[in-house]
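What follows is a single structure, written as structure tokens, with notes after it.
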Amino acid sequence: MTNMTQTLGTVVQNWTTRPRPSKIVLQGNLCTLEPLNGEKHAKDLFESFKEAGDEFWTYIPIGPFDRLDDYRALVDKLSVSDDAHFAIINKEKGRAVGQLCLMRCDPANGVVEVGFVLFSPHLWKTTMATEAHYLLMKYVFEDLGYRRYEWKCNSHNGPSRKAAYRLGFQFEGTFRQAEVVKGRNRDTQWFSIIDKEWIDCRSAFDRWLSGENFEDGKQKLALSEIRSKILADKD
């Protein structure tokens, strides 16, 4: 018999299957995440997305939508799926301005993906957009106790890739020829945040979102700058 030394992964202490994400309300200072509902949210979202034009849907497997009824049918379908779809509500204006969801959930391994990230122009480059992502991440890591939070995007979708890096995701690789979307090849890029990284990610979010980081509505330090400083201080 050959004598071989085999290496093993670290032991995951006291691991148990995690709960599936629930369709609950998550409250922030600027926005609220509500379970997606056709009657309540479809009209606001349809109108908000129309402001972005058809290019908004280029890298998304669905859309564009010319009729409210068609978009409402999609929302009705998503709202009753097993995935946890949320509408992003601007608390000041009381209207839905975007949506996102927790999908491809794997409770046995504590893995879930954030998807259907559809942010209308009312969310572009706003503090509210960052807060929406923060609320969902916090729910996944702290309330549900997941180990891995995924982000995937079309390899040609530069803004999505940039957003992933800004939010603290780590690039893992490209799945070549992963799908055919709207008749075109899609190479899919994978990103993730894992539980041991969440502590520093949360610290960066908390500092960036605090009133002390803003003056006349403008950030003093970028989120990436704050995160880099936190990591440097640990070395």
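What follows is calculated from the coordinates using simple rules that are stated; it is not laboratory data. Keep in mind the model is a prediction, meaning the values are calculated, not measured. Backbone-built Cβ (ideal geometry, glycine too); neighbour counts: all protein chains shown.
Compared with the direct C-alpha span, the chain from residue 176 to residue 233 gains 16.8 nm at full extension, assuming 0.36 nm per residue. Rounded to the nearest 0.05, the FRET efficiency derived from the C-beta distance between residue 203 and residue 52 at R0 = 41 Å is 0.80.
Along the chain, the longest continuous region that contains none of the GluC sites (Glu not before Pro) in a DSSP loop with at most 14 other C-beta atoms within 10 Å is 93-235.
Which FRET efficiency, nearest 0.05, do residue 143 and residue 17 yield, Cβ-Cβ r, R0 22 Å?
Step by step, r from the Cβ atoms, then E = 0.90.
Between the range 180-209 and the range 45-112, the C-alpha centres lie 18 angstrom from each other. Kirkwood radius and radius of gyration were both taken over the C-alpha atoms of the range 3-102, and their ratio Rg/Rh is 1.21. Normalise the Debye intensity by I(0) for the chain, one equal point scatterer per Cα, no solvent, then take log10 at q = 0.12 Å⁻¹ and round to two decimals. Once normalised to I(0) and log-transformed, intensities are -0.73. Loop-located trypsin sites (Lys or Arg not before Pro) in the range 68-122 (DSSP state not H, G, I, E or B) with no more than 10 neighbouring Cβ atoms inside 10 Å: 93. Full extension of the chain segment joining residue 66 with residue 185 gains 40.4 nm, where the gain is 0.36 nm per residue of separation less the Cα-Cα distance.
Filter the trypsin sites (Lys or Arg not before Pro) in the range 118-161 down to the DSSP loop ones having no more than 14 other Cβ atoms within 10 Å, then list what survives.
Working: sites: 125, 138, 147, 148, 152, 161; in loops: 125, 147.
Of the trypsin sites (Lys or Arg not before Pro), the ones in loops of the range 118-161 whose Cβ has at most 14 other Cβ atoms within 10 Å are 125.
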